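Each remark here refers to the structure printed beneath this line.
The values are calculated or read from the model by the stated rules, or taken from the named source; none is laboratory data. Model, not experiment: these values are computed from the prediction. Counting neighbours? That spans all protein chains shown, and the Cβs are built from the backbone with ideal geometry, glycine included. In case anyone asks, the SASA skips ligands and DNA or RNA and just uses the protein heavy atoms, side chains included. Shrake-Rupley method; radii C 1.70, N 1.55, O 1.52, S 1.80 Å.
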Amino acid sequence: MSGKFVRAAAGLAMAASSAVAQAAYQLNLQEPASHIGERVHDLHTIILVICLAIFIGVFGVLGYSLYAHRKSKGHVAAQFHENTTVEVLWTVIPFVILVLMAWPATTTLLAMRDTTQPDITIKVTGYQWKWGYDYLKGDGEGISFLSNLATPHNQIYEQAPKGENYLLEVDNPLVVPVGRKIRVLTTGNDVIHAWYVPALAVKQDANPGFIRDAWFRADREGTYRGQCAELCGKDHAFMPIVVEVVSQEKYAAWVGEQKKKMAALAEDPNKTWDLAALAERGEKVYQANCVACHQPNGKGQPPAFPALSGSKLVNGPKADQIGLVLNGKQGTAMASFKQLSDVELAAVITYTRNSWANKTGEAVLPAEVTAARK
Amino acid sequence: MSAVLDTHGQHDEHAHHPSGIMRWVTTTNHKDIGTMYLWFSFTMFIVGGIMALVIRTELFAPGMQIVDPDRFNAMTTYHGLIMVFGAIMPAFVGFANWLIPMQIGAPDMAFPRMNNLSFWLLPPAALLLIAAQFVPGGGAGVGWTMYAPLTVQAPMSMDLTIFAVHILGMSSIMGSINIITTIFNMRAPGMGMMRIPLFCWTWVITAFLLIAVMPVLAGAVTMTLTDRHFGTAFFNAAGGGDPVLYQHIFWFFGHPEVYIIAIPAFGVISQIIPAFSRKPLFGYTSMVYATASIAVLSFLVWAHHMYTVGMPVEAQLYFMYATVLIAVPTGVKVFNWVATIWRGSLTFETPMLFALGFLFLFTMGGFTGLVLSIVPIDVQLHDTYYVVAHFHYVMVAGALFSAFGGIYFWLPKWTGRMYNETLGKWHFWLSFIFFNVTFFVQHFLGLAGMPRRIPDYSLQFAEFNVISSIGAWGFGLAQILFLYIVVSTIRSGKPAEQRQWEGADSLEWTHLPSPPPYHSFETPPVLR
Ligand SMILES: [Cu+2]
């Protein structure tokens, strides 16, 4: 009970310290924002206290001995070297303590893994190096977007002062309603990633080719930040997770907005685009989705990430490139980008076909991408 | 007895050995090979240590400063591989070579030529690991655990690394066969298995672990190799494989590997503590059984390294229960050491300081291990700096401190010369303090949610990372003092006595001069 009080007080203090994400010199687990998070927090406190008590007991005895039984004080060594009673006791007592510890651990774990009856189900896909979110079931069904690191390159490379949420900010956060049970299904597109949000006590590996699940129910509105927790290659440190927990009304409004955006994107292909407009738009798409691997100069990082500049594929028939970008390439780091809109795909393909050493002079129209999807 | 001690005549018979470099290339002598193992280990410790300093320097402040992310990932990978396979494991094989024949009253190891080969496989493996940094694409940034399918994407350095692991595995298996055969067959008459020093017991158990699990690691990396080049899909779901399979195989090796490193360290500590307590080891028999049961349990808990892969909850429960069980025999060992010290007649020379440092910090590592074994807590802490702190308490404060203690303990015996006690104590205190400065704060970073293996981090982690990096540089520089102490002992240390430590009672102290003869016991010692 006092634990709850302390947490509530700490929560207020945190809220009072405005938008600062976390305090410096933080010594303990992050302030939990879900019931499971609280149980994990308390479990950790219990285990830590038991360990500390045993540690102090054992090293108290040792410390006394180191002081009292020194040769320099003239202590003469005893010669005993066994004592069955003591040996049985120090085998049995730890065993009993461990059984006592296992009990709360088991109940917490069973609650943590119970993913039944969710309100909303969201598929989380780990990409090298960004996250993709697909709302599969519940309010917001059908919403789908990618979530990229929003921290600018120049902050990372010391050319600009670092912002408050340095490396923990994204362009499109995951938005969920407060108090609802959210089930996340994790999978990986290329290698293993792990979806980790400390305040919500969720860490679940995202294994390519398999679906695994976890869940959370946020108790408080707020912004909760986490990171990819499984080494996934070059930009493992640069694929954060941001979860915005909002009120039911705000969530409904957000869903409405997203649906409108999606509808707008769907109509777009009929608009007429010229090469210049497409290439201009494509550069932005390239910066957001492609640049980490294929580099700003299009030279890539062979062999894992081939160059686009001068590439046979990019300078070859349009259909091949459209197919590759839509479907990805099995067994390589090249992911499918079919979650991007037809306009975005047409734009980025046009951009790559008319940049660096590539001078095809051809535009790929959104309608061609639409056709290729079918 | 006098036949044993009068060894100068025998020594001269061996004067026709090749001299210079060929002496070391062709030697089949357990002491020469032990020495080479130890120097090799120290060299790798420096190489791996430089990599650690690259890591800690990049992490000194948020932002990318000295290396790019790929190079950073390569540094964490090869720091781990080189420290585990190049520094710590060979160090304890070096101890085994030097000590086992002397402690059981044998002239040498059972298979001297194989012993030579098992050492000389190490340098090529080390060169492969170092060369991997300089091939096109740079070192493989996959982590020392080499998880698929990231390894399938990695540049050609991955192939060099896999080959190095194969070679290291061969070396370990040969060394293990040699150690087991020596201890089982070459003990002096009257020395039953329950009379051999505990260090020998820990090596029997470790050698069995090595023989059991090194082939498993070789299998895992070979499957990675064929996935990379020969179209198999062991770890690729699209071809019917499973990336998590790799983790199961790796950790079936990897958890016993932790004990392969820790158990010989227990052995060294079990020699040092009684010597400076001037009192026999408490509970020798229970120590043997506790060590053996830790070894058996180590095969049954591997998936506690992968609680977050999404295994069924029943499996998580099983692995949690089995893992916490290891605390019982580990506790028995700690209690036995404390009981050995209790009512002894204690002095605090450098080996004893390192043994006590080991006891204190290794126990802390044990407790954080217990915290991590609890699944719901591990879900928070897995793959964070808490884990990094935990295993460095076990590996550095555990195994490395034990190795340092062992070096100071046996250096007078091996070289016939005494090290400088004051400098030795300085080395201990600098190592102890800077170790804690480096790694204690990493617990806090992990609790607050800083993932491991990241070259850059958000601002709330900045303060503790500064402290940790300063500690790492201090710890690294303190090891230069260690090198100086060892070299100056060999060159100009004062002559050591046969039984330099009055409380030491194994055969190398009671029956052999310092330094011991080239062939330890040409005739078996007479045991009381
Ligand atoms: Cu990732």
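Grab the DSSP H runs of the protein assembly as shown that are 4 residues or longer, score each as -39,500 (n - 2.57), total them, divide by all residues and round the 222 nm result to the nearest 500 deg cm²/dmol.
Details: 32 runs with 505 residues, N = 902.
One gets -18500 deg cm²/dmol as the mean residue ellipticity at 222 nm.
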Subject >> Linear extension gain, A:Gln117 paired with A:Val49, 0.36 nm per residue minus alpha-carbon span >> reply: 21.0 nm
**OP:** Mind checking A:69-82 for the average number of partner chain beta-carbons within 10 Å of each residue's beta-carbon?
**Re:** 6
**OP:** Work out the FRET efficiency for B:Phe134 and A:Ala277 from their Cβ-Cβ distance, taking R0 = 45 Å, and round it to the nearest 0.05.
**Re:** 0.45
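What is the percent carbon and sulfur in the accessible area of segment B:27-510, measuring with a 1.4 Å probe over the protein chains and ignoring ligands? Write out the running numbers ahead of the final one.
Working: 10010 of 13680 Å².
Percent of accessible area from carbon and sulfur atoms in segment B:27-510: 73.
Give the A-B buried accessible area in Å², both sides summed, 1.4 Å probe, nearest 100. Spell out each step's value before the answer.
Details: alone 21470 and 20660 Å², together 33980 Å².
Buried: approximately 8200 Å² between B and A.
Below 13 angstrom from the Cβ of B:Leu99, what's the summed charge of the other residues (Lys, Arg +1; Asp, Glu -1)?
0
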Original post:
How far is it, in nm, from the label point at A:Lys374 to the one at A:Gln248 when both lie 7 Å from their Cα along the line to the Cβ?
Top reply: 4.2 nm
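So, for chain A, what is the accessible surface per residue at a probe of 1.4 Å, expressed in square angstrom? Present the calculation step by step, with values, prior to reporting the outcome.
Details: 17380 Å² over 374 residues.
In whole numbers, chain A has 46 Å² accessible per residue.
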Original post:
If you line up the long axis of helix A:248-267 against the longest principal axis of chain A, both from Cα atoms, how many degrees apart are they, to the nearest 10?
Top reply: 30 degrees
**OP:** Calculate how steeply helix B:401-415 sits against the longest principal axis of the alpha-carbon atoms of chain B, using the helix alpha-carbon long axis, and give the answer as 0 to 90 degrees to the nearest 10.
**Re:** 30 degrees
**OP:** Could you size up the charge dipole of the protein assembly as shown around its Cα centre, putting +1 on the beta carbon of Lys and Arg and -1 on that of Asp and Glu, and report it in debye to the nearest 20?
**Re:** 880 debye
Original post:
Against the longest alpha carbon principal axis of chain B, how many degrees, from 0 to 90 and to the nearest 10, is the axis of helix B:122-131 turned?
Top reply: 30 degrees
**OP:** Tell me the label-point distance for the pair A:Ser72, A:Ala263, using the 7 Å Cα-to-Cβ offset, in nm and rounded to one decimal.
**Re:** 8.5 nm
Original post:
Normalized C-alpha radius of gyration of the protein assembly as shown, against 2.2 N^0.38 Å?
Top reply: 1.03
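Could you state the accessible area per residue of chain B in Å², with a 1.4 Å probe and every protein chain left in place? Kindly include the intermediate steps, with their values, before the conclusion.
On the way: 16610 Å² over 528 residues.
Roughly 31 Å² per residue, with all protein chains present.
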Original post:
Short version: which residues of segment B:446-491 lose at least 50 Å² of accessible area, all chains versus chain alone, 1.4 Å probe?
Top reply: B:Leu447, B:Ala448, B:Pro451, B:Arg453, B:Asp456, B:Ser458, B:Leu459, B:Gln460, B:Glu463, B:Phe464
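Seen from all sides and averaged, what is the projected area of the convex hull of the Cα atoms in segment A:265-374, in nm²? Before the final figure, lay out each step's value.
Numbers: hull surface 25.1 nm².
In nm², the orientation-averaged hull projection of segment A:265-374 is 6.3.
Give the percent of DSSP beta bridges with both residues in the protein assembly as shown that are antiparallel, rounded to the nearest 5.
Numbers: 34 of 47 bridges.
Antiparallel bridges: around 70 percent, rounded to the nearest 5.
Using only C-alpha positions, report the orientation-averaged shadow area of the convex hull of segment B:27-510, nm², one decimal. Spell out each step's value before the answer.
Details: hull surface 87.4 nm².
Value for segment B:27-510: 21.8 nm².
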Subject >> Estimated inter-spin distance, A:Tyr64 and B:Ile480, nm [label 7 Å along Cα→Cβ] >> reply: 4.5 nm
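Would you mind working out the magnitude of the charge dipole of chain A relative to its Cα centre, with +1 at each Lys and Arg C-beta and -1 at each Asp and Glu C-beta, to the nearest 20 Debye? Before the final figure, lay out each step's value.
Numbers: 36 positive and 34 negative charges, 93 e Å.
Using only the charged Cβ atoms, the result is roughly 440 debye.
Of the peptides B:434-441, B:189-196, how do they stack up when ordered by the mean number of other Cβ atoms within 10 Å, highest first? Don't skip to the end; give the middle numbers.
Numbers: B:434-441: 20.8, B:189-196: 13.1.
Top of the packing list down: B:434-441, B:189-196.
Using a 1.4 Å probe on the protein chains only, how many percent of the accessible area of segment A:120-265 belongs to carbon and sulfur? If you can, show how the numbers build up before the last one.
Values: 2430 of 4910 Å².
After summing per-atom areas, the C and S share lands at 50 percent.
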Subject >> DSSP-defined antiparallel bridges as percent of all bridges, chain A, nearest 5 >> reply: 70 percent
Subject >> Chain-alone versus full-assembly comparison, segment A:227-257, residues with accessible loss of at least 50 Å² (1.4 Å probe) >> reply: A:Gln227, A:Glu230, A:Leu231, A:Lys234
Original post:
For B:Leu245, what charge total do you get from the other residues with a beta carbon under 14 Å from its beta carbon, if Lys and Arg give +1 and Asp and Glu give -1?
Top reply: -3
**OP:** Could you sort the residues of segment A:144-162 by number and keep only those whose accessible area is reduced by 40 Å² or more in the all-protein-chain setting relative to the chain alone, 1.4 Å probe?
**Re:** A:Tyr157, A:Glu158
Original post:
GNM on chain A, C-alpha springs below 10 Å: top fluctuator among A:Tyr166, A:Tyr286, A:Tyr67?
Top reply: A:Tyr67
Subject >> Charge dipole (the protein assembly as shown, unit charges on Cβ, about Cα centre) - positive-most of B:Met146, B:Phe95, A:Pro161 >> reply: B:Phe95
Subject >> List A:His69, B:His79, ordered by accessible area with a 1.4 Å probe, largest first >> reply: B:His79, A:His69
**OP:** Report the FRET efficiency, 1/(1 + (r/R0)^6), for A:Asn83 and B:Asp505, where r is their Cβ-Cβ distance and R0 is 25 Å, rounded to 0.05.
**Re:** 0.75
**OP:** Select from A:Val246, A:Val197, A:Val49 the residue whose mean-square fluctuation is largest in a Gaussian network model of chain A (Cα-Cα springs shorter than 10 Å).
**Re:** A:Val49
